[in-house]
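What follows is a set of notes on a single structure, which appears directly below.
Here, each number is a calculation from the coordinates, and none is a lab measurement. Predicted model only: the values in this text are computed from it and were never measured. Cβ atoms come from the backbone with ideal geometry, glycine included; neighbour counts cover every protein chain shown.
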């Protein structure tokens, strides 16, 4: 079904793979009559060509990328624009689209969400942007329909910013990276590796894009095969897939931890642009005659079967047939994993879902950028047609990804077919993907064609004794399960016809409702603020030395951004830095906020010119131990704050608040064995936090210990390879040394850390 090469591989004429080996050059010469070096062949990837076109550094090893367009949604654009405004923003220098698809439920938090929307509308007018009102489209569907273009690059403040199937290289990053683009700065990365995804065959009836995506995620997530690399989809199997099918696979590449994605394009993609009235945006993209990839994933589409990602991660994959054939073993495995993910906070069992030997599901959702596409919903309608979901506890909700998609479903009768079953058809909304819509009952099991199924993401609150769980499936198998009244069922068991529907895009829906400034800024427009929209608090520069208290210690194999800062209803506070910070780690370590604020008192006192020992009783004894060895250290040249340890933090969302919330509570650093994603590490850096790395093994410190970092500012300035640190033991009066590293940092990143955050780095007083 899926095979991975052990090393790199060459692709000849887009159709033949030659694995990198001692005789690879001879094989290539024999087949093509040409000699090409590995370095030259690596330049023949589609990704290399696009990156080269957008790189401004003149050095393809050290990229400085300028994107063509930007996009954000209503959880992120307020903070981004506020940060850019503090740095002197006067106009959006490139097209910037502000969508409103996350905080669309305006009853949550009083007026908070609609206040944010009005902030976005007035900023689009003042600075020359595009504003998409609530319920019109989810962020990524609008980008596909209206922004994508062949050979282009788009940066979005959402991790699922992926438009590779349309020939657009797109990346999801934290808000500060968009701020840099708004200030005409660059996105700085090393040239990423490129991994080929070679598709053959074609899917059997009942298999959808989520099935293919989950199979790939299951094969590559755990081994880091594509981490921070670009996935390039090639091979004859690409042509067997519709544009919608490719898009459905592509959006899920985020869950592999890759950096971005790109696909070869063909007439199918040209037709997509034709349908959307943007024929001029199509560009045929193909790898070169001899192309080198840093790895190759071979996928036989004909062997993919309906998949399910069981709780609590998209990589926890099985075929649905495997689950049904081995219910006891699979459910036991999930329950064992839950002990780690949930820290034993609540009882968790799936055994009660088994009735008469069959697994019973409580809820089905087809939604968002992954599930809400036209073909997915049409296929679900055909499978559901003539069935009823029943009058028991099982529910089914369907969210078309945009109003144009919704309109076409009404016109072709698929909407009626779905509604007749007892399902509910709703407007474009990302809520079911991040815990703000269709939250299941306690202990319920939900199957969703959405992007993630992390703990807490579907609305659970462990501290309140609440738990429900989500499995990811394709819309087709969700429909088959719904037609079977909640019995877990693969769509390959459906023996009826799944039709092929022609899509007609109605551009008037956006033309009549979306505000588009056409890039013209109007400085006379007054920005509309709500009472929840707050400025960022003052943040100081990195001091000469640091004393940090460890205020949370997390030993889960991976820590998600949902655990660092919960989604769901807390998202309403993302325009209020201090208000949101109260929720930091609330579902993983409820003691974190109190501990962080406790030691922050010392730093606040220091910044106000007071002696920090008057604000916190630990300062004097800790400094007493330090001064025995480091006489020059004083409260004037030493900062105080907090840090956390996590094995591998940052999987999942691009949300910068996973870092900024720690910062506004006095966090100066994270310490980790590795960082799950580049975007989380970048968020730490942009908020002036030190991204420390420590080798795996027994930690030289524990929770609530004090750590001392002498000369940390100098170490950052002088690019020290190793960072000297000490555990401070007041009781023994000793300093125990250990070493850390910071990993690779650009000169600009070092300056941001030294200044204390990106705002300080760019601030215009």
Using alpha carbons only: equivalent-ellipsoid semi-axes of the stretch 545-762, gyration tensor based, whole Å: 25, 19, 18
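Which percent, to the nearest 5, of DSSP beta bridges fully inside the stretch 545-762 are antiparallel? It would help to have the intermediate numbers written out before the result.
Working: 15 of 35 bridges.
Expressed as a percentage, antiparallel bridges in the stretch 545-762 total about 45.
Based on the mean of other beta carbon atoms within 10 Å per residue, what is the order of 14-22, 298-306, most packed first?
298-306, 14-22
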The stretch 545-762, relative contact order [Cα under 8 Å, separation at least 6], %: 25 percent
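For the stretch 435-530, what Kirkwood radius comes out of the mean inverse Cα-Cα distance, in Å? Numbers along the way, then the final one.
On the way: mean 1/r = 0.0558 Å⁻¹.
After inverting the pairwise mean of 1/r, the radius is 17.9 Å.
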Span from the the stretch 208-255 Cα centroid across to the the stretch 700-737 one, whole angstrom: 43 Å
Distance from the stretch 451-484 to the stretch 646-677 (C-alpha centre basis), Å: 25 Å
Bridge type composition, the chain - antiparallel percent by DSSP, nearest 5: 40 percent
Relative counts (whole %) of C-alpha pair distances in the stretch 307-504, using bins that are 5 Å wide: 1, 8, 17, 21, 20, 15, 9, 5, 2, 1, 0
Taking 355, 53 and counting other C-beta atoms within 10 Å, the order from fewest to most: 355, 53
Helix 403-412 vs. the chain, principal-axis angle (Cα, 0 to 90°, nearest 10): 20 degrees
Relative contact order of the chain, defined on C-alpha pairs under 8 angstrom at six or more residues apart (%): 14 percent
Mean Cβ count within 10 Å, highest first, over the residues of peptides 266-276, 146-156: 146-156, 266-276
For 558, 424, order by how many other beta-carbon atoms lie within 10 Å, fewest first: 424, 558
Crossing angle, helix 374-384 versus the chain [Cα axis fit, 0-90 degrees, rounded to tens]: 60 degrees
For the stretch 65-188: relative contact order, % (alpha-carbon pairs under 8 angstrom, 6 or more apart): 33 percent
Proxy reagent accessibility, fewest Cβ within 10 Å first, across 75, 644: 644, 75
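Ordered by packing density, taken as the mean number of other Cβ atoms within 10 Å over each peptide's residues, highest first, how do 186-193, 655-662, 324-331 rank?
Details: 186-193: 17.8, 655-662: 29.5, 324-331: 14.5.
Going from most to least packed, we get 655-662, 186-193, 324-331.
Before rounding to the nearest 500, sum -39500 (n - 2.57) across all DSSP H runs of length at least 4 in the chain and divide by the residue total; then give [θ] at 222 nm in deg cm²/dmol. Show your work: numbers first, answer last.
Working: 28 runs with 237 residues, N = 765.
Helices in the chain give a 222 nm mean residue ellipticity of -8500 deg cm²/dmol.
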Estimated FRET transfer efficiency (residue 634, residue 6; beta-carbon r; R0 56 Å; 0.05): 0.50
Nearest-ten-degree value, helix 77-86 long axis tilted from longest Cα axis of the chain: 40 degrees
Alpha carbon centroid spacing (whole Å) that separates the stretch 349-405 from the stretch 129-205: 27 Å
Among beta bridges that DSSP assigns inside the stretch 307-504, antiparallel share in %, nearest 5: 35 percent
